[in-house]
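Trainee: Let me give you the structure first, and then I'll get to my questions.
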Amino acid sequence: MKSRLLHQDGETRTYLLVMDAGDEACAEITAFARDRGIRGATVTAIGAVDEATLGVFAAELGGFWLKHFDEQLEIASFIGDIATGSEGPTLHAHAVLGGRDCVAYAGHAEALHVNPTMEVVLTESPAHLVKRLDPSSGLAVIAIDETRADDVPSESRTTPPVPRGINHIGLTVPDLEAATRFLVDAFGAKVAYDGLLRSDPPRSGAEVEAQLGLPPGARIIVQRMIVIGTGPGLEVFEVETDERQGPAGLADIGWGHVALLVDDIDASLARAVEAGGEALDEPHGNSRHEDTPGNASIYVRAPWGSIFELQSLPNGHWYGPGSETEVWTP
């Protein structure tokens, strides 16, 4: 199974889970929720299976009457929730399955063996859904009195706003045109727009110095928004000043490098070097959680001294129980 975070708004997260052939969907969804500490969520899905077990509640049994299917079936509907009970987060879902004669079978989803795929949308809720044993039925059901978002009364609860994501990263260079040529030649960058032209009056003075934290007398000569592939933009500045430190490296306080995700690290490195970049070493393995099969990384120094990382992650990141979210990737 593969997964990706699609959207986050405060404590509400929406994930896409894509099952592989042979996955047992109910177990995979439950394991995903437990790994990430998801205590309340809604789940919907479509897909297909070649083996399934559905159930219907039987009061006289104190459980489910189960029916097994050993045939190719379409998942016409799959809807459920994740709530936390005595065994931790647990999936409860119902499914409608259709056969080649277009007859529908419906019931409690006990087991779904995927073939060829199943696409699941899981939306985590900030509320903690709690299940407790119902003595009359013998089932674990949601305890509405114990389901809560937190200990703050609902009428006074507010969610602080959070950023939607990184919009752009600022980069100051000694020569904007030379830097643009390098970014275009090395990384296929494109110019989105020029925020300040050389024909415009420079941005300077006490107000600008206060707004942007510039040293006295500094003047922004030109600025340009540049885009590399998909992701945050690079707002590139050329600034005249008598006070300037050298380019920051990884050991310096501040932003040390910008990482670019590439598909072919050797070809990408060759292109960057041909454009005037300097490879600091040979491609090497990434750090923990980025060390999936086929991974590689290398730092490249631009002609003006800033550091770019070329990173290849053909099998993505891996996550553990302590992961609160997933990293966005282009």
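The values are calculated or read from the model by the stated rules, or taken from the named source; none is laboratory data. For clarity, every value in this text was computed on a predicted model and none was experimentally measured. Every residue, glycine among them, receives a Cβ derived from its backbone with ideal geometry; neighbour counts consider all protein chains shown.
Trainee: Here are the criteria: (1) closer than 13 Å to Gly170 by Cα; (2) more than 34 Å from the chain's Cα centre (by Cα); (3) part of a loop (DSSP other than H, G, I, E, B). Tell me which single one Val239 does not satisfy.
Mentor: With respect to (1) closer than 13 Å to Gly170 by Cα; (2) more than 34 Å from the chain's Cα centre (by Cα); (3) part of a loop (DSSP other than H, G, I, E, B), Val239 is out only on (3).
Trainee: Output yes when any residue across segment 63-79 is crowded, with 19+ Cβ neighbours inside 10 Å and touching a Lys or Arg at 6+ places or on another chain (Cβ under 8 Å), and no when none is.
Mentor: no
Trainee: What tally of residues in segment 253-283 results from selecting those that are under 24 Å from the mean Cα position of the chain (by Cα) and assigned to a strand (DSSP E or B)?
Mentor: The number of residues fulfilling the criteria is 4.
Trainee: Given the residues Arg132, Arg148, Arg100, which is the only one that is of a type in the set (Lys, Arg), at pLDDT below 95, over 28 Å from the mean Cα position of the chain (by Cα) and surrounded by 14 or more Cβ atoms within 10 Å (Cβ to Cβ)?
Mentor: Arg132
Trainee: If you don't mind, another one. Out of the residues in segment 205-237 that are among the charged types (D, E, K, R) and closer than 17 Å to Ala179 by Cβ, which is modelled with the lowest pLDDT?
Mentor: Across segment 205-237, the extreme among qualifying residues is Glu235.
Trainee: I would also like to ask the following. Filter segment 67-97 for residues that are aromatic (Phe, Trp, Tyr) and closer than 18 Å to Glu124 by Cα and give the result.
Mentor: Across segment 67-97, the qualifying residue is only Phe78.
Trainee: Let me spell it out: the conditions are (1) closer than 30 Å to Trp328 by Cα; (2) surrounded by 14 or more Cβ atoms within 10 Å (Cβ to Cβ); (3) of a type in the set (Ser, Thr, Tyr), and Ser204 meets all of them except one. Which number is the exception?
Mentor: Here Ser204 clears every test but (1).
Trainee: Moving on. Does Thr44 satisfy being under 21 Å from Glu11 (Cα atoms), in contact (Cβ under 8 Å) with a residue 12 or more places away in the chain, surrounded by 16 or more Cβ atoms within 10 Å (Cβ to Cβ) and not small (Gly, Ala, Ser)?
Mentor: The answer is no for Thr44.
Trainee: I've got another one for you. Could you tell me which numbered condition Leu54 fails, if it satisfies all but one of (1) in a strand (DSSP E or B); (2) of a type outside the set (Val, Ile, Thr); (3) surrounded by fewer than 20 Cβ atoms within 10 Å (Cβ to Cβ)?
Mentor: For Leu54, the failing item is (3).
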